Amino acid sequence: GFLRFFPSRLSRQLVLRPMLYQTGGSLLAARAALQKGWAINLGGGFHHASHADGQGFCPLADISLIIKNLRQAGLAQKFMIIDLDAHQGNGHGRDFIGDDDVYVVDVYNADIYPRDGFAKQGIDQAALLSSFTGDSEYLQKVTNALDAAFGAFEPDMVIYAAGTDILAGDPLGALDISAAGVRARDVLVFDRVLARSVPVVMLLSGGYQKSNAGVIAD
């Protein structure tokens, strides 16, 4: 929707072309994760986009495309999406309603965009946060959600949307998680996934502060 305000050539060069590369990176990283056990795409995680519609800075549904691509290639069938971006992942939520071979974990700030009631039907394990939630409560809710998810579902692959818009001061995430809290969250995810020898592909999703790059690198 936001692209309508840009001249078409400018939007293609500055927005869509880089996101096409990031989407390709997500597909390549997913295949690398199957071979090596884990991989990270330095981009992607466009979790507001569905197969039919782009929303919220997300014109391309790379998460859904990973699942479609790997299924068509016969490389994986059962997927767990762990979406820890600050926002509800309504794109993949809509795409996989009723698909018993996709299990969605979504921990998000319920006070902010997109408040997509229909897409909530696609979430299997939800943990709703209030604005300005801090480290202790957040990490406990993530821990509980992950433990419940792995107790209920055995995936062939995990797709991890690791948004850093949970970081304190983010103008769109409205949470209060420290840099140490972000790192602890990622450790929680990787410890649980790799302990089960499940391949995991990490996508960066949202994050809207200059400090995000350093936190991601750490």
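Quick notes on this structure:
- For the chain, built as a Gaussian network whose Cα springs stay under 10 Å, the top-fluctuating residue of 162, 195, 76: 195
- The dipole here belongs to the chain: it is taken about the Cα centre, uses +1 on the Cβ of Lys and Arg and -1 on the Cβ of Asp and Glu, and is about 840 debye.
- Percent RCO, i.e. relative contact order, over region 69-144, from Cα pairs under 8 Å lying at least 6 residues apart: 29 percent
- Peptides ranked, highest mean first, by Cβ atoms within 10 Å: ranges 204-211, 133-140: 204-211, 133-140
- Build a GNM of the chain with springs between Cα atoms under 10 Å apart, and of 163, 173, 181 the one that fluctuates most is 181.
- The chain - accessible surface per residue (Å², probe 1.4 Å): 46 Å²
- Calculated [θ] (222 nm, deg cm²/dmol) that DSSP helices of n ≥ 4 give over the chain, each run adding -39,500 (n - 2.57): -11500 deg cm²/dmol
- Rounded percent of accessible protein surface that carbon and sulfur make up, region 168-218, 1.4 Å probe: 57 percent
The values are calculated or read from the model by the stated rules, or taken from the named source; none is laboratory data. Since we're looking at a predicted model, the values are computed, not measured. Cβ sites come from the backbone with ideal geometry, for glycine too, and all protein chains shown count toward neighbours. These accessible areas exclude ligands, DNA and RNA; they are computed on the full protein's heavy atoms, side chains included. Shrake-Rupley method; radii C 1.70, N 1.55, O 1.52, S 1.80 Å.
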